[in-house]
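Input: a single structure, listed below in structure tokens.
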Amino acid sequence: MKAIHRWLLSLCTILAAISPAAAQSPNPVVVIETSLGAIKVELFADKAPNTVKNFLQYADERFYDGTIFHRVHSNFFIQGGTHLPGLKEKKTRPPIMSEANASMRNLRGTVGLARTATASFFFNVADNASLDQMQPRYTVFGKVIAGMDVVDKIRMVPTANRPNFDAVPVEDVVIRAIRLASHFSLVLGKSPVYDAGKIFTITAHIEHPVRGQFLTLELPAGLERVEGKEIQPVTVFSE
């Protein structure tokens, strides 16, 4: 029995190391790795499904990797996702239709799609009621669930105006990557007793896997793998 407990503990540890668990939610969660730290964002697929699909497609294509936050207003918003260092703009797909409505407000910590309605996005660093009054409205499609301290670090960086650009960080704040986070759960089979000599099943389920991710199951001495693979590819998140 102790050996089985060690197996379960080992499996949980491996899963936690490979796929950090996000807050339990029916919506997808992404981790935005920046040069000043990581920000975890829940995406409102239930309220703005097409906007979230568009954002995740850019993320899956690695479009955001290496882009910068090119507009930083310390008491308003920080914007990024379409420009490289040197303010070179990346080519995007055509704009998408707005999914904004009155219930999706620009509150501190929410994430909105920029006016271009392509890849550029912004974090509200304050409650921006003025944006809620604008027509057409901005589509709010997510909120920060961890890492708001990083958002605050970014909003406080020194900025300067450049030709055709305002409030550009003096030193680049780089978006290194945007990746789906992963939820995981363990489900035991229906064996009545989980003990040495008994056959039982453990199923590992990842709700929001990262492309190319896999699980490694390591069995300690005294336990045998009857069927299945020790290394099992994980199906990527279906859009």
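The values are calculated or read from the model by the stated rules, or taken from the named source; none is laboratory data. Predicted model, so just to flag it, every value in this text is computed and none were measured. Here the Cβ is made from the backbone with ideal geometry for all residues, glycine too, and neighbour counts use every protein chain on show. SASA here: full protein model, heavy atoms, side chains in, ligands and nucleic acids out. Shrake-Rupley method; radii C 1.70, N 1.55, O 1.52, S 1.80 Å.
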Legend entry - Charge tally in the Cβ shell below 11 Å around T82, where Lys, Arg are +1 and Asp, Glu are -1, T82 excluded: +3
Legend entry - Other-chain or far-sequence residues with amide H under 5 Å of A181's (modelled H): V29, V30, V31
Inset, instruction - Find how much the distance from K88 to D166 grows on full extension, using 0.36 nm per residue of separation minus their present alpha carbon separation; answer in nm with one decimal. - result: 26.6 nm
Legend entry - Amide H contacts under 5 Å for T34, placed H, 5+ residues apart: I39, R176
Inset, instruction - Report L180's accessible area, 1.4 Å probe, all protein chains in place, as a number in Å² to the nearest 10. - result: 30
Legend entry - Percent accessible area from carbon and sulfur atoms, the range 21-92, protein chains only, probe 1.4 Å: 50
Legend entry - Phi-based couplings in Hz for the range 78-86 (Karplus 6.51, -1.76, 1.60; Gly and Pro marked x): 10, 10, x, x, 10, 10, 8, x, x
Inset, instruction - Tabulate in residue order the Karplus-calculated ³J(HN,Hα) for the range 107-118, using 6.51 cos²θ - 1.76 cosθ + 1.60 with θ = phi - 60°, rounded to whole Hz; enter x for Gly and Pro. - result: 8, 3, x, 7, 10, x, 8, 5, 4, 5, 6, 10
Inset, instruction - Could you please put Y138, Y64 in sequence from largest to smallest accessible area, using a 1.4 Å probe? - result: Y138, Y64
Inset, instruction - With just the Cα atoms of the range 72-131, tell me how far they stretch along each of the three principal axes, in Å, largest first. - result: 32, 28, 15
Inset, instruction - Return a whole-number percent for the relative contact order of the range 60-124, with Cα pairs under 8 Å and 6 or more residues apart as the contact set. - result: 30
Inset, instruction - State the extension gain, in nm to one decimal, for the chain segment bounded by S74 and Q57, taking 0.36 nm per residue of separation less the distance between their alpha-carbons. - result: 3.2 nm
Inset, instruction - Return a whole-number percent for the relative contact order of the range 64-174, with Cα pairs under 8 Å and 6 or more residues apart as the contact set. - result: 31
Legend entry - 5 angstrom amide H check on H70, placed H, neighbours 5+ away: Q79, G80, G81
